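Everything on this sheet refers to the single structure shown next.
The values are calculated or read from the model by the stated rules, or taken from the named source; none is laboratory data. It should be emphasised that the depicted structure is a prediction, and the values quoted were computed from it without experimental measurement. Counting neighbours? That spans all protein chains shown, and the Cβs are built from the backbone with ideal geometry, glycine included. In case anyone asks, the SASA skips ligands and DNA or RNA and just uses the protein heavy atoms, side chains included. Shrake-Rupley method; radii C 1.70, N 1.55, O 1.52, S 1.80 Å.
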4 protein chains.
Amino acid sequence: MSAPEPGRAAMGNGARPVFLVIGAGAGIGGNAARRFAAGGYHAVLARRSDAAGLERMVGEIRQAGGSASGTLLNAAEDGAIEDLVARTEAEYGPIQAALYNLGAQIGNRALADTPHRLFELGWRLATFGLFRLAHALLPRMAARAQTGAHGALLVTSATAAMRGNAGQHSHAAAMGGRRMLCQTLNAEFAPQGVHVVHVVVDGPVDAPDTLGKLMGDRYQAFKAGKGADGLIDPKALAETYWHLAHQPRNCWSHEVDVRPWSDVPWWNDNPAPEIDARGKGLAGPTE
Amino acid sequence: MSAPEPGRAAMGNGARPVFLVIGAGAGIGGNAARRFAAGGYHAVLARRSDAAGLERMVGEIRQAGGSASGTLLNAAEDGAIEDLVARTEAEYGPIQAALYNLGAQIGNRALADTPHRLFELGWRLATFGLFRLAHALLPRMAARAQTGAHGALLVTSATAAMRGNAGQHSHAAAMGGRRMLCQTLNAEFAPQGVHVVHVVVDGPVDAPDTLGKLMGDRYQAFKAGKGADGLIDPKALAETYWHLAHQPRNCWSHEVDVRPWSDVPWWNDNPAPEIDARGKGLAGPTE
Amino acid sequence: MSAPEPGRAAMGNGARPVFLVIGAGAGIGGNAARRFAAGGYHAVLARRSDAAGLERMVGEIRQAGGSASGTLLNAAEDGAIEDLVARTEAEYGPIQAALYNLGAQIGNRALADTPHRLFELGWRLATFGLFRLAHALLPRMAARAQTGAHGALLVTSATAAMRGNAGQHSHAAAMGGRRMLCQTLNAEFAPQGVHVVHVVVDGPVDAPDTLGKLMGDRYQAFKAGKGADGLIDPKALAETYWHLAHQPRNCWSHEVDVRPWSDVPWWNDNPAPEIDARGKGLAGPTE
Amino acid sequence: MSAPEPGRAAMGNGARPVFLVIGAGAGIGGNAARRFAAGGYHAVLARRSDAAGLERMVGEIRQAGGSASGTLLNAAEDGAIEDLVARTEAEYGPIQAALYNLGAQIGNRALADTPHRLFELGWRLATFGLFRLAHALLPRMAARAQTGAHGALLVTSATAAMRGNAGQHSHAAAMGGRRMLCQTLNAEFAPQGVHVVHVVVDGPVDAPDTLGKLMGDRYQAFKAGKGADGLIDPKALAETYWHLAHQPRNCWSHEVDVRPWSDVPWWNDNPAPEIDARGKGLAGPTE
């Protein structure tokens, strides 16, 4: 097992640094856990349901020679995240890196079909949960940074943090709050040696637990229609997470976007405008 | 009394169009009410407390020849905004324009000094309250737009909607959510003929009820230190609100910023970097 | 003729303040000239070609009781803009407000079909020309601001200043430079009392001289396809320009966007995603 | 020598993939060359002057077991970049990755002290040079992408691409154009399998050839004042460049920012606002 990068994850007595994932499904969260475990961390996987699936992921990491443990978590429950942080550090040692990976996508709904409690639930999972994790974890990381261990909090975010599309009232409001919160957290904690990264996942992820469930039967056809490498492979994203969590403190990224090569970025027209090779193409008249 | 612009506020039988202000203090909200009343609207002023101050504002508008009424409102209370919308339309007629003017600024606080309930309160006032107003009001406006009355929802917003500064955990997360919500509202309702405007107030407003209270004794010194025209005059901002609410539907602004001439915009270094007239000045090395 | 707003355009001896338009075609530029002339300015209309069309516009303004003059201008020619500013002030008095309205849209072209000279021409018209106007005009305005005449430089900009779409290499690079230049101009000159506004025209304008020529035969069908109020009426935009040029210095907007009600803003998916009223709609999986 | 990642840099016959750096000084450019050479590339270092320094860097790479060559280049000269691309591919084989690293920082200058030719030079180096490199290189990369070799064009950019600070007329306009150009390049070439990354270097880099020369005698004091890890180490940035250039095509970043932990990001107030731990701090009233 390769050693974690010096200076970031030095643990002294040979104990493994801890990587905590909140939202450890079979997509981004699980693959990040796998990557950090392969890199020498003890991975703690927390997710809302499916104890069997969780056990299977933990088992796979162990079989690959890694160290991991899993726990079910209702992140919306009062005190649950705080308890998880405290228990994790008590049992496994200091959390060196964490990934907040809870989403709040509910599909496109008209305002009239977005009940108050759904709008609130989006905020509770996407914004408030991150606040609570930061509240519980960042002061611990800041204290440890004084002795050279610069922790990292990775935050999976979404296109909806950057712009609000039709039907995304709950999701965009929650993710917009998440993005600003990442900025205020960095503004306070980066100078204390703790690194927060807001990762804008601006494309579909090949994730059976989230996109797969959301789309149901249509998933395979959707995936096939995207063509080769047309969905983000969560293993590739995990590699970028690993890189970000180990940037030396003189060179920290705060906001990073990712998408497949074949996808139109959120700021461009979708579908992309036609280019007329003879130079006679009509620009979108609004350009 | 001047007639409201044709097409925007045509009321048929001579009744006044209604302008509803949620957050009608002595600063932005009260001045907007005054401006719209002067332009021929019946202004409904809602605010949380200070019945005497509210009564005074309503009286001033009436003395100036305008039409206005006032009501106290606890916007965080369940059903309060919905009731206000229903009552207003029942008593005074269709709401042609509304201003959501509730802020959630609590000063700069470290994360450790930002309790969970305060973080939630910020969201409840700045994001959820707007959602609830939109939920109650925009379908009504959309129905009326089919007969040519294109309503407008003005939303006072803040620098914190654009970036998260140190100490602004609650405020920035709430305002970031507000901004994305304005975008999703426009995405759904602009094509139905309802106009939502997100106004980024990127500078201090000369407002005794908000900034004055927040700063207390320091307010007068702060104001003097800003120099002539160094604070936004809410009367000037009210003029911009009036303009925005009456843009014809072929030319709608979705996001507008304002600040005093002497203030540094949120995207620039504050204080502004020195310019060396001999061309030897050192750029911020990060430029 | 109504008087220009006090403090902005006070000229003392009864002379009219001057409004200079560079790029005075039959769309935005001409309508802005008409609006400012109606508000009491002497409008100076400069455009590259079509002396007859220019003469007609000047004549129309005069017939409506306004004051105007016109001149042909090759803005890309060295010294041309500088001469125009000097001549205008010598003949008509201080330029109180100016509009830089030159575009550089050439339609969508692949990189291979974008010759070097075309890329450079885009920059020369869209970025460098504004620099040259600012160089010639803003120090004059800054000197006059010390005696209370706060000039305004309005800059027509485009979606391409905010994001780079496929085929827009020349246009987007030029407009991105224009936007940053507006910010550096404000950073230096707003504190000296001169107001620069970057107006993002994020939708098609009903302008026979630009969009009409670009589209040729397809223009009428395009316009019809957009439906009622589906193109920006340059008269409406001129009203917003007038408002912006007369904001008091305590409440200045630096960046404003406009588009028709029926148009998708640049940040949203185009076409807009479908909303499923039963709450089963699939969000763009990248949201 | 470690093998380059499969699929990105597969060269077939054992030849090294080529990494071309335009702007290979002793800071970012030289360190990127070193990193890519260590990873198995042949590095081609191009810079404007200092043949001896260039020779030294090439020699160091070779001594470390890497493969490299150097050439002087006047990027502003017509045809120079095009020739470099053609010669490089003829001599060393296909350019698999390139870094455009020319800056155009001239320090803070008032508009009156920014001559026309300086403004133009900024554009010529920062915007037009990238256009010319893309024009010469990207069609080659796109052709090779059809057989699985997905090339990458890394672009070093600056804070000034995101906002225009006082005194930055030339630099910000040029960098704003650069940013939009990166977006139009990605919009056309990402779907063809070529990856362009715009890297916003939002902090001072410990680079003797650029920042060192710009600051002269003040450099050491400036660096000391920044404290430990207070400047970006170009070796760390080179590691991020390496990561970005090797992201699989299903997970590409288009825009990434970096800065030292102790630096205030461009969007935050600089210096950072004070946080009052007792919760009585005054927010920037503009928040």
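Remarks
- Carbon plus sulfur fraction of accessible area for chain D, probe 1.4 Å, in percent: 52 percent
- Average beta carbon contacts from partner chains per residue of B:184-197, 10 Å cutoff: 6
- Chain D - mean residue ellipticity at 222 nm from DSSP helices (-39,500 (n - 2.57) per run, n ≥ 4, rounded to 500): -11500 deg cm²/dmol
- Förster-model FRET efficiency, 45 Å R0, A:Ala228 and A:Arg48, C-beta, rounded to 0.05: 0.85
- 10 Å Cβ neighbours from other chains, averaged over peptide B:122-128: 4
- Using bins of 5 Å that start at zero, the share of Cα-Cα pairs per bin across region D:81-227 amounts to 2, 9, 17, 18, 17, 14, 11, 7, 4, 1, 0, in whole %.
- Annotation for the C:B interface, with buried accessible surface near 3100 Å², both sides summed [1.4 Å probe; non-protein components not counted].
- Shown in residue order for region A:174-180 are the 3J(HN,Hα) couplings computed by the Karplus curve 6.51 cos²θ - 1.76 cosθ + 1.60 at θ = phi - 60°: 5, 6, x, x, 4, 4, 4 Hz (x for Gly and Pro).
- Here the Karplus curve 6.51 cos²θ - 1.76 cosθ + 1.60, taken at θ = phi - 60°, turns the phi angles of region C:61-66 into couplings of 5, 5, 4, 7, x, x Hz, with x standing for Gly and Pro.
- Solvent-accessible area of C:Phe222, all protein chains in place: 40 Å² (probe radius 1.4 Å, heavy atoms, ligands and nucleic acids excluded).
- Both radii are taken from the alpha-carbon atoms of region A:17-109; with Rh as the Kirkwood radius, Rg/Rh is 0.97.
- The lysine pair count for chain D, using Cα distances under 23 Å and pairs eight or more places apart or on different chains, is 5.
- Computed on the Cα trace of region B:16-71, the radius of gyration divided by the Kirkwood hydrodynamic radius gives Rg/Rh = 0.91.
- The share of Cα pairs per 5 Å bin across chain C, counted from zero up to the longest distance, runs 1, 5, 12, 16, 18, 17, 12, 8, 5, 3, 2, 1, 0, 0 percent.
- Heavy-atom accessible area order for A:Arg56, B:Arg48, largest first, 1.4 Å probe: B:Arg48, A:Arg56
- Computed over every Cα-Cα pair of region D:187-276 and binned at 10 Å starting from 0, the pair-distance distribution P(r) comes out as 14, 36, 29, 16, 5, 0 percent.
- Per-peptide average of other Cβ atoms within 10 Å, ordering D:191-202, D:87-98, A:235-246 highest first: D:191-202, A:235-246, D:87-98
- GNM on chain A, alpha-carbon springs under 10 angstrom: the most fluctuating residue among A:Trp252, A:Trp267, A:Trp123 is A:Trp267.
- Other protein chain Cβ atoms within 10 Å, averaged over every residue that makes up D:109-119: 6
- The magnitude of the dipole of chain A, with charges of +1 and -1 set on the Cβ of Lys/Arg and Asp/Glu and taken from the Cα centre, is near 280 debye.
- In this assembly of identical copies, the label point of C:Arg218 (Cα plus 7 Å along Cα-to-Cβ) is separated from its counterparts by 3.0, 5.4, 5.9 nm, sorted shortest first.
- For region D:181-193, Karplus couplings with θ = phi - 60° (6.51, -1.76, 1.60), whole Hz, Gly/Pro x: 5, 4, 5, 5, 5, 4, 4, 8, 9, 4, x, 9, x
- Averaged over its residues, region C:101-159 has an accessible area of 29 Å² per residue, based on protein heavy atoms and a 1.4 Å probe.
- Stokes-Einstein, applied to the Kirkwood radius of the protein assembly as shown over Cα pairs at a viscosity of 1.567 mPa s and 4 °C, places its translational diffusion at 43 µm² s⁻¹.
- Debye log10 I(q)/I(0) for region A:114-156, one point scatterer per Cα, at q = 0.13, 0.22, 0.34 Å⁻¹: -0.40, -0.74, -1.08
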